[in-house]
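The values are calculated or read from the model by the stated rules, or taken from the named source; none is laboratory data. On a predicted model such as this, the values are computed, not experimentally measured, just so you know. No Cβ is skipped: glycine too gets one built from the backbone with ideal geometry, and neighbour counts run over all protein chains shown.
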Amino acid sequence: MRFVDEFRDAEKARALSAKITALCEPGRQYKIMEVCGGHTHTIYKHGLEDYLPECITLVHGPGCPVCVIPMGRIDDAIHIARRPGVLMTSFGDMMRVPGSGGNFFDSNAEGTNIRMVYSPLDSLKIARQNPRLRVVFMAIGFETTSPSTAMTLLRAKAEGLTNFSVFCNHVTIVPAIKAILDSPDLRLDGFLGPGHVSTVIGCRPYEFIARDYGKPVVVAGFEPLDILQSVYLLMRQLAQGRAEVENQYARVVPWDGNPVALDAITRTMQLRPYFEWRGLGFISHSAMRLRDEFAAYDAERIFEVPGVRVADPKACQCGEVLKGVLKPWECKVFGTACTPETPIGTCMVSPEGACAAYYNFGRFSRQRVREASRA
């Protein structure tokens, strides 16, 4: 395939749907988790649930990097931004993520200087242009965005910039999946593996899911036919009694990952002993911090952040949504008090958040569920 429309062919989608239906065991219910928020948006934007039999339920996972950041880390970032002479930079989807006392936009209204950037290299450029300011980049994301932060750190050190630092909030996907597997709240039949993360780490890190938990994994692309084909591959494994890792997204994802990107991460970062995830609590060895060799660029060491844990609002059920226990519309404040304009939880803020996907594209799916329950 060479063109996007080839990945969105309705006739091919119906053919895959028939193959998936033929693999379903009568009377059995299947639950498959799409780990990545990008998959969630494709599923509901293109109505892919309509192509699946009713016995297959797709649930969301913790693969949205903005959604898993706890409120305490937002408060820590604002604490840094309030220091004299600090200019903080952040990706745009972080600007409206709520902390205990407001978001970055609210903080700017009170006098801080937090700017949106498209890349950590933009932050480096700002640091060069403003030598009297202490520029802090708020780094977030899974292994997808870690290499860009790592390369920026290497460049900053090579240039000898002394007014640039990183507030590191990079997390890793495998411990989060393991936490889901160990959770008593959810029973899953298989996983649609995250495509973006896998371009960096490859497919091999997911082998423990098949080996130790007996669950099949298919690393999936982001077009409609990618996801339907991945569901078909999962169902074929289940029908044949297999549990393996397959790579549907082979046109982009190398089995062993990107060695250059992995090397950059290894040179600049190391695993933290533990890290708090929104909705999942503390997970050991699940996030990155800067190595001692880069202590001069580590905002947590330069500014001594308070690190206070902040509980999520009681009305918000982002944690249950991130674990796939609840559908977004089952949250009490979904679409009423919590909307993209007035988000209470992170899942409604991020372009990859499950609640944002349902709010923008999932209303017809919600209507079908209601009609089925009434029938």
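Can you tell me which residue among Val174, Val252 is in a loop (DSSP other than H, G, I, E, B), surrounded by fewer than 23 Cβ atoms within 10 Å (Cβ to Cβ) and not basic (Lys, Arg)?
That would be Val252, the only listed residue that is in a loop (DSSP other than H, G, I, E, B), surrounded by fewer than 23 Cβ atoms within 10 Å (Cβ to Cβ) and not basic (Lys, Arg).
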Revision key, fill the gap. Scanning region 248-257 residue by residue, the ones that are in contact with a strand residue (DSSP E or B) (Cβ under 7 Å, 6 or more places away or on another chain) and either aliphatic (A, V, I, L, M) or on the phi > 0 side of the Ramachandran plot (or both) total 1
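Return the residues of region 31-44 that are in contact with a Pro (Cβ under 9 Å, 6 or more places away or on another chain) and of a type outside the set (A, V, I, L, M); say none if nothing qualifies.
Listed by number, the residues that qualify are Glu34, Cys36, Gly37, Gly38, His39, His41, Thr42.
Tell me whether region 361-375 contains one or more residues that are part of a helix (DSSP H, G or I), at pLDDT 75 or above and of a type outside the set (D, E, K, R).
yes
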Review point. (1) surrounded by fewer than 13 Cβ atoms within 10 Å (Cβ to Cβ); (2) outside the structural domain of Arg134 (by TED's automatic domain parsing); (3) touching a residue at least 40 places away in the same chain (Cβ under 8 Å); (4) not charged (D, E, K, R): which one isn't true of Thr346, the others all being true?
Key: (1)
Review point. Can you find even one residue in region 116-131 that is in the same structural domain as Ala81 (by TED's automatic domain parsing), within 28 Å of Gly193 (Cβ to Cβ) and among the hydrophobic types (A, V, I, L, M, F, W, C)?
Key: no
Review point. Only one of (1) without any contact (Cβ under 8 Å) to a residue 24 or more places away in the chain; (2) crowded, with 19+ Cβ neighbours inside 10 Å is not met by Phe294, so which one is it?
Key: (1)
Practice item. Could you tell me whether Thr89 is in contact (Cβ under 8 Å) with a residue 12 or more places away in the chain and over 22 Å from Pro328 (Cβ atoms)? Key: yes
Point to revise | Number of positions in region 278-327 that are at negative phi and not in a helix (DSSP H, G or I) | key: 28
Review point. Given the conditions (1) under 12 Å from Leu228 (Cβ atoms); (2) out of contact with any helix residue (DSSP H, G or I) (no Cβ under 8 Å at 6 or more places or on another chain), and given that Tyr51 satisfies all but one, which numbered condition is not satisfied?
Key: (2)
Review point. Within region 258-277, is there a residue that is at negative phi, part of a loop (DSSP other than H, G, I, E, B) and buried (at least 22 other Cβ atoms within 10 Å of the Cβ)?
Key: no
Study note, to complete from the structure: So the strands (runs of 3 or more DSSP E) completely within region 1-96 holding 1 or more residues that are touching a strand residue (DSSP E or B) at 6+ places or on another chain (Cβ under 6 Å), surrounded by 17 or more Cβ atoms within 10 Å (Cβ to Cβ) and polar (S, T, N, Q) are 86-90
Check your understanding: So is Thr149 in contact (Cβ under 8 Å) with a residue 60 or more places away in the chain, among the β-branched types (Val, Ile, Thr) and in a loop (DSSP other than H, G, I, E, B) or not?
Key -> no
**Study point:** Members of region 208-222 found to be closer than 26 Å to His41 by Cα and surrounded by fewer than 18 Cβ atoms within 10 Å (Cβ to Cβ), listed by number
**Key:** Phe222
Exercise for review: Give just the number: which of (1) in a strand (DSSP E or B); (2) under 21 Å from Gln237 (Cα atoms); (3) not acidic (Asp, Glu) does Ser165 not satisfy?
Suggested key: (2)
